[in-house]
Amino acid sequence: MIKLDGVILPIDTDFENLKSEIMKTIEPKDSIVSVQLYRKSVDARGSTPHFCCSVLLEVKNENEFLKLNKSAKVFKYTPYVFKKAERIPANRPVVVGFGPAGMFAGLTLARAGMRPIVIERGRDVDTRTADIKKFFSGEELNNNSNIQFGEGGAGTFSDGKLNTGIKDARVRTVLETFVEFGADREILIEAKPHIGTDILRGIVKNIREEIISLGGEVIFNTCLEKIIERDGRVKSVIASGREIETENLFLCIGHSARDTFSSLKESGFEMCRKPFAVGVRIEHLQSDINRALYGKFANHKNLHAADYKLAVHLKSGRGVYTFCMCPGGEVVNASSEQGGLVTNGMSYNARAGVNANSALLVGVAPEDVPGSDVLAGIEFQREIEMRAYKLAGGSMPVCSVGYFLGKEKNKIGRVKPTVKPEYELADISRLFPDFITDLLKSGIMLMDKKIKGFADSEAILTAPETRSSCPVRILRREDMQSVSISGVYPCGEGAGYAGGIVSSAVDGIKAAEKIINI
């Protein structure tokens, strides 16, 4: 197949007749056998939105075609293929955590014939969903079964957003795998694909069942307690009192496994502090965002609920940016510890909610955090979360943008908070160090210049957003093994090497490949 990038098409394009559109720009025209849409994004800049696309071409003579169409936008496309193991270790590989990195490490190992054992501290996705529903109804938080912990990881109860900035052939494989297990084929085409929390829950269960059908195990309610090594190499792990012998251990622990980070530190694992981010969730009416970005085309049949990704830089050199924007979504209490509050965004597949929400974040450098302890960033997060709990008496603290900017009293206007289970009007500026509060205020005003109405006084802020990334990195070598113990592969977002569902999944695949290719 040949991949052609940079194809510009009008907003009214009939994608059922895509071949005729492509033949207008390709020579020789009779060389094209078929055309398949590979990726589609909306460019809303200017007065008229249009599509920027990539397509896959089946042509009669690929080599001749490439000679005639020499361009950086035309190249041969080679899909990724899951590999079979050349050698099966004496002891089965163990995967810790069943979020994106753990799921795809486990699936890759299972398809290679290596029968992995996956342990997950939380519960299966159905039980986890029931626990979260109870929490949203006012029952007590379950520390191991919540928005952060359980089958599928934190991303299962988010927007299921699948866009990523990494360039890797495995990205497409991750998307194709999601389609294989129940996602709509649209995620292969949309430049900013998403699955939605409602669909993603079934997909992670299907991936689990595939791993089991190939001889693997997935064990819930099981927490890593200790890693046992001999002569500098992993020998076994203790998990909820059970010893499991293994030569290869994949640490896919996620960004919120704070007790596991403490245990690794005590065991002498080399880790370092890394930049992370702290901020709030901002909610607008989705209809306002649609109009701001699409103008008179806001209700066009070929356009979905509008989304955005913004970043601004201040004279101080610091930046403010949006993250994990959820069109037509809602804000949720994503706490995982008693006495602390965390917010996050979530969307269903249809993205049909009244509000749009996004994280609004300020970068926090290691030098911004007091103390020298490698886990100081975690304590920084925790202190903000506990302050939020006290500020609003256990409810989620919210305020209007107008109040946050010092323009008016704190009140609810056109934009109604969607946060579950409860919220309380509060002065959220009291939660953060001054530099974070000041940067958030400046960032909102600068973003208003990019999207008219972003600083709408009636927009709603919910705090705090503290778990967008991990403040710790577990150091590893070029072969992805821990610098402390051979045979241990730290990977994914929690290990500090990814930032989102797809990049975490890719990191899990790459780590699994290291033992498949031995």
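Since every read-out is calculated from the coordinates, none of them should be taken as a lab result. All of these numbers come straight from a predicted model, not from anything done at the bench. Note: ideal-geometry Cβ built from the backbone for every residue, glycine included; neighbour counts use all protein chains shown.
Each peptide in 44-52, 329-337 receives the mean, over its residues, of other Cβ atoms within 10 Å, and ordering these scores from highest gives 329-337, 44-52.
Dividing the Cα radius of gyration of region 276-465 by 2.2 N^0.38 Å, with N the residue count, gives 1.00. Each Cα pair under 8 Å and six or more residues apart adds its sequence gap; the mean of these over the residue count of region 78-223 is a relative contact order of 31 percent. Evaluated with a Cβ-only charge set (Lys, Arg +1; Asp, Glu -1), the chain carries a dipole of roughly 980 debye about its Cα centre, given to the nearest 20. Our note on the geometry: Cα centres of region 300-374 and region 109-141, 24 Å apart.
Relative contact order of region 276-465, taken over Cα pairs closer than 8 Å and 6 or more residues apart, is 30 percent. When each of the peptides 88-101, 30-43 is scored by how many other beta carbons lie within 10 Å of its residues on average, the order from highest to lowest is 88-101, 30-43. Working note: 222 nm ellipticity from helices only, DSSP H runs with n ≥ 4, each -39,500 (n - 2.57), summed and divided by the residues of the chain, gives -8000 deg cm²/dmol to the nearest 500. For the pair region 200-236 / region 1-70, the C-alpha centres are spaced 42 Å from each other. Using Cα pairs closer than 8 Å and at least 6 residues apart in sequence, work out the relative contact order for region 2-76, in percent. The value is 45 percent.
In region 414-493, the C-alpha radius of gyration followed by the widest Cα-Cα span (Dmax) gives 19.6, 57 angstrom.
Over all pairs of different C-alpha atoms, region 2-76 has a mean inverse distance whose reciprocal, the Kirkwood radius, equals 12.8 Å.
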